[in-house]
Each structure stands twice: as C-alpha cells, then as structure tokens.
Amino acid sequence: MGRLQVQPLHEHVANRIREMIRKGLLNKGDRVVEKDLCASLGISRTPLREALRYLTSEGLITILPHRGAYVAEPSMDEIREMFEVMTLLEGNCAAMAAKKISPGDLRKLERLHERLEKHYKANQPEKYLDVNQKFHCMLQEMAGNKVLNDVVNGLRQKIVLYRYRQLYQPDRFEASITEHRALMDALRRQDPVAAENLMRQHLINQCEALKNLYEDKTRRKPAAKS
C-alpha cells in the first residue's frame, strides 16, 4: 500500500485563498487582513504567511514592507505568456499520453469525461471546472514523465484561476466540451499528433476568451475625471 500523501497546511491555505480570489471574496487591491483570515480558517499566522509568500510567486499576492499583503493580478501580457508555455507543455503531455495510453487509463479518462458531459448538460460550470482540473492532471500523469509532470503542476497552480474565469465567457462552456470530445476521440485512436494539436488549440481558445474578458473590462472602466 502506498504512503498517504498529506498536503502541507500552507498549501491547503494557499488553495483556500485562491478559491476566495476566484469567487470574488477577495478582489484585486484588497488587503489581506491576517487576523480575520486566521480566525475564519482556524489557523495560526505562520502557515498563513507561508501561504502568502507562496502566492507571491504566482503573482496573486503582493507583500509590501510595513503595509502587509494585498491581492494582485498579472497583466494580460503576463497571463498570455503563461498560456503560451502551458500550451506547449500540455500539448506534449497529450501527445505522450496518446502514444502509451492503456485500456485501464482510457477508462479512467472516460469516466471523468462522462462527468464533464453530465455537468455541462446540467449547466454546472463550477463542478465542470473541478472535474476538468482532474482530467488535465490525470492526462499529464499518463504522459509518464515525472520532470514534465512537476513543471506542468507548478505552472498549473499559477494559471488555474484564469482557466476558471474564461469558462464564463459567452459560448465558451459549449466550446470547451466540444474540444474535450474531440480530444477524447484522438486519445481513443491513440493519435499523438491529433491529441497534441487539439490540446494546444484548447488552451489557445482559453487564452483568447480571457483576452476578450480583459478587453471588455477595459472598455467598461469609467474614464478618469480631468
């Protein structure tokens, strides 16, 4: 029996803060009040501060000397650069997985895809996104390259917030499930070229949806008074 992997407390706290940002409970420019957050999460300040330092490397938190921690947000150019790298890496994962996928592995992906279909038909984007995350993680593990898996996992933590946001763009939910259907078909055929191209296009489309979101926010922002 394998050893049970226990998530360090600061990583758990970091996940909770990411979720709060994603759900709009913490917004760009908000100050992170350590006392309040510690009370709500039932933790001491040590794991919270470790989590905040961890999140600074993802561009989600800015720590200002003598002022505290604030919610930050990368520019669209920085997000685009993250997607460019992720597109290449996840494309390679899909190609490698397609070459070596076993019947058992395929069944695992099929079960996750069935859940995606279920949540899509029920119009449950939050549940869809949670399963989608598991699908992508499982596929990269099936590539069978530990170094690649570790690198992708690190970048995935930085990009996951923006993957959530893009699904709420007009027509993006339907496009996402359509792209997943095509990817599953390529995996069933064990076609590495198609799997790689489809995965790359999947992420390109996500980035394009985010670009439209940011441009829309910019257009709606009220002009500064002279």
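Here is how the numbers come out for the structure above:
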{"read-out": "Of all residues making up the stretch 26-59, the number that are more than 13 Å from residue 72 (Cβ to Cβ) and of a type in the set (Val, Ile, Thr)", "value": "3"}
{"read-out": "Condition broken by residue 97, with the remaining ones in (1) over 21 Å from residue 206 (Cα atoms); (2) touching a residue at least 40 places away in the same chain (Cβ under 8 Å); (3) outside the structural domain of residue 161 (by TED's automatic domain parsing); (4) aliphatic (A, V, I, L, M) satisfied", "value": "(3)"}
{"read-out": "Qualifying positions in the stretch 23-73 - part of a helix (DSSP H, G or I), acidic (Asp, Glu) and surrounded by 12 or more Cβ atoms within 10 Å (Cβ to Cβ)", "value": "34, 50"}
{"read-out": "Per-region count, the stretch 89-131, residues assigned to a loop (DSSP other than H, G, I, E, B) and hydroxyl-bearing (Ser, Thr, Tyr)", "value": "1"}
{"read-out": "Pair list, Cβ under 6 Å, 6 or more apart: the stretch 48-69 residue farther than 9 Å from residue 10 by Cα, other residue of a type in the set (Ser, Thr, Tyr) and assigned to a helix (DSSP H, G or I)", "value": "63/56"}
{"read-out": "The stretch 142-151 - residue that is assigned to a helix (DSSP H, G or I) and surrounded by 16 or more Cβ atoms within 10 Å (Cβ to Cβ) and, of those, nearest to the chain's Cα centre (by Cα)", "value": "149"}
{"read-out": "Contacts under 7 angstrom Cβ, first residue in the stretch 183-197 being within 14 Å of residue 107 (Cβ to Cβ) and basic (Lys, Arg), partner modelled with pLDDT of 95 or more and assigned to a helix (DSSP H, G or I), 6 or more apart", "value": "188/106"}
{"read-out": "Index of the failed condition, residue 150 passing every other in (1) touching a helix residue (DSSP H, G or I) at 6+ places or on another chain (Cβ under 9 Å); (2) modelled with pLDDT under 90", "value": "(1)"}
{"read-out": "Pairs, first of a type outside the set (A, V, I, L, M) in the stretch 14-30, second exposed (fewer than 14 other Cβ atoms within 10 Å of the Cβ) and not in a helix (DSSP H, G or I), C-beta under 9 Å, six or more apart", "value": "15/7; 19/25"}
{"read-out": "Residues (within 25 Å of residue 126 (Cβ to Cβ) and either in contact with a helix residue (DSSP H, G or I) (Cβ under 6 Å, 6 or more places away or on another chain) or not in a helix (DSSP H, G or I) (or both)) located in the stretch 188-203", "value": "198, 199, 202, 203"}
{"read-out": "Matching option when the condition is closer than 17 Å to residue 156 by Cβ, part of a helix (DSSP H, G or I), under 17 Å from the mean Cα position of the chain (by Cα) and not charged (D, E, K, R), among 20, 86", "value": "86"}
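The values are calculated or read from the model by the stated rules, or taken from the named source; none is laboratory data. If you're wondering where the values come from, they're calculated on a predicted model, not measured in any experiment. Cβ sites come from the backbone with ideal geometry, for glycine too, and all protein chains shown count toward neighbours.
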